[in-house]
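Here's the structure, in structure tokens; my notes come after.
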Amino acid sequence: MAIQYSFELEYITKEALEHLFLSLEWESGNFPDQLYEAIINSHSVVTAWDGDQLVGLANALSDGVMTAYFHYVLTNPVYQGQGIGKVMMEMMLDKYQDYYTKVLISYPKAIDFYKRLGFEGEDDSLPMYTYTKQV
């Protein structure tokens, strides 16, 4: 069966998100209620499905006019290397093609992937974070 892609939110469940995020050992998967709200309240979300299994997701946060920030881009490890992440990001980049700035923060091992999609680093900027510990 071919992977199906969608911008629709209706099939996304807390359980599907938890399974996908924990398949990559991402800490966000330990907070399914908050994760679900974060995804549902994103500016846009593209998902990849193998039947009824959520196997990939990319979301964008945006001001709706000039800037889109791609926060989550992930594919279940079993499905990596099949072009799913590329298709999802191409869908997002097409959706936000008229925006001036499209930004994301990449893990070192994914930098080449994002460069192939047209992203480039900046020498004079550095991502910075502050976290609130969950108890």
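The values are calculated or read from the model by the stated rules, or taken from the named source; none is laboratory data. Computed from a predicted structure; not experimentally measured. So basically every Cβ, Gly included, is an ideal-geometry build from the backbone, and we count neighbours across all protein chains shown. Calculation scope for accessible area: heavy atoms of the full protein, side chains included, ligands and nucleic acids excluded. Shrake-Rupley method; radii C 1.70, N 1.55, O 1.52, S 1.80 Å.
With the requirement that a residue be more than 20 Å from Ser28 (Cβ to Cβ) and surrounded by 11 or more Cβ atoms within 10 Å (Cβ to Cβ), what does the range 72-100 give you?
Gln82, Gly83, Lys86, Val87, Glu90, Met91, Leu93, Lys95, Tyr96, Tyr99
Conditions (1) touching a helix residue (DSSP H, G or I) at 6+ places or on another chain (Cβ under 7 Å); (2) farther than 27 Å from Lys133 by Cβ; (3) aromatic (Phe, Trp, Tyr); (4) open to solvent by less than 50 Å² (accessible area, probe 1.4 Å), marked per residue:
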site	(1), (2), (3), (4)
Tyr11	no, yes, yes, no
His19	no, no, no, no
Val45	yes, no, no, yes
Ala48	yes, yes, no, yes
Asp52	no, yes, no, no
Leu61	no, no, no, no
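Can you find even one residue in the range 86-108 that is within 17 Å of Phe7 (Cα to Cα) and among the basic types (Lys, Arg)?
Yes, the conditions are met somewhere in the range 86-108.
For Phe7, work out the one condition from (1) without any contact (Cβ under 8 Å) to a residue 60 or more places away in the chain; (2) touching a Ser or Thr at 6+ places or on another chain (Cβ under 7 Å) it doesn't fulfil.
(1)
Within the range 50-92, count every residue that is within 17 Å of Glu37 (Cα to Cα) and β-branched (Val, Ile, Thr).
1
Residues of the range 21-31 being part of a helix (DSSP H, G or I) and under 21 Å from Thr132 (Cα atoms), which ones?
Residues satisfying the conditions are Phe21, Leu22, Glu27, Ser28, Gly29, Asn30.
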